[in-house]
Amino acid sequence: MRANADRSELGKFDSLSSRFWDTGGEFRPLHILNPVRAQFVADRTKLAGARVLDVGCGGGLLCEALARAGATVTGIDLAPGMIDVARLHAAEQGLDITYNVVSAEEVSGGFDVVTCMEMLEHVPDPARMTATLATLVKPGGAVFVSTINRNLKSFLLAIVAAEYLLG
């Protein structure tokens, strides 16, 4: 099955990848939000010893938090630069995380936990991606998704205000 991806979005993130771990840069909101979302996941599922897949992992921010909580983590993203940055940062931190440049449609299921954070707003068919996520988790497992709504208010606040006005 063809990857559910927007090539222009992938190119944008690939070009920003070298600045992913700059906590004062354009990914600052994710760095601020990450402890909250990692705790949200940890409060709702057992992470120690769990097999976790993070779809659209970017530079590995959530992957690292979940690995520190004891999970065996695989992060996937279609932006090669992001995966390179994620691998490098995890190695610098002494974390054993598997990162792959692969689409969710190409991954075999059976994960205890699947996460997909701030990615659905970047794919052409969010409903298809949600269905794909459901195939990746084993029965009784948990799927965690966070995304910005696709409405005018969200567009104005998240895209126009945050990206263009605030950088």
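The values are calculated or read from the model by the stated rules, or taken from the named source; none is laboratory data. Please read all numbers here as calculations on a predicted model, not as lab measurements. Cβ: placed from backbone, ideal geometry, glycine included. Neighbour counts: every protein chain shown. Protein only, heavy atoms only, side chains kept; ligands, DNA and RNA dropped before computing areas. Shrake-Rupley method; radii C 1.70, N 1.55, O 1.52, S 1.80 Å.
Any idea which residue in the range 116-133 is modelled with the lowest pLDDT, counting only those that are open to solvent by 40 Å² or more (accessible area, probe 1.4 Å) and more than 12 Å from Thr147 (Cα to Cα)? That would be Pro124.
Against the condition open to solvent by less than 20 Å² (accessible area, probe 1.4 Å) and farther than 16 Å from Thr115 by Cβ, how does Ser8 come out, does it pass? When the stated conditions are applied, Ser8 does not pass them.
Being out of contact with any His (no Cβ under 8 Å at 6 or more places or on another chain), at pLDDT 90 or above, aliphatic (A, V, I, L, M) and closer than 17 Å to Gly60 by Cβ is a description that applies to Val113. If you check Ile97, Ile76 for being crowded, with 16+ Cβ neighbours inside 10 Å, under 22 Å from Asn4 (Cβ atoms) and at pLDDT 95 or above, only one passes: Ile76. Residues of the range 16-36 that are touching a Gly at 6+ places or on another chain (Cβ under 9 Å) and open to solvent by 80 Å² or more (accessible area, probe 1.4 Å): Ser18, Arg19. Annotation note: Cβ proximity below 6 Å between a residue of the range 9-27 that is touching a residue at least 40 places away in the same chain (Cβ under 8 Å) and within 15 Å of Asp84 (Cα to Cα) and a residue that is among the small types (Gly, Ala, Ser) and not in a loop (DSSP other than H, G, I, E, B) (sequence gap 6+ or interchain) occurs for Asp14/Gly81; Ser17/Gly81.
Of the conditions (1) in contact (Cβ under 8 Å) with a residue 60 or more places away in the chain; (2) out of contact with any Cys (no Cβ under 6 Å at 6 or more places or on another chain); (3) closer than 14 Å to Val114 by Cα, Thr72 satisfies every one except a single condition; which number is it? Result: Thr72 fails condition (1) only.
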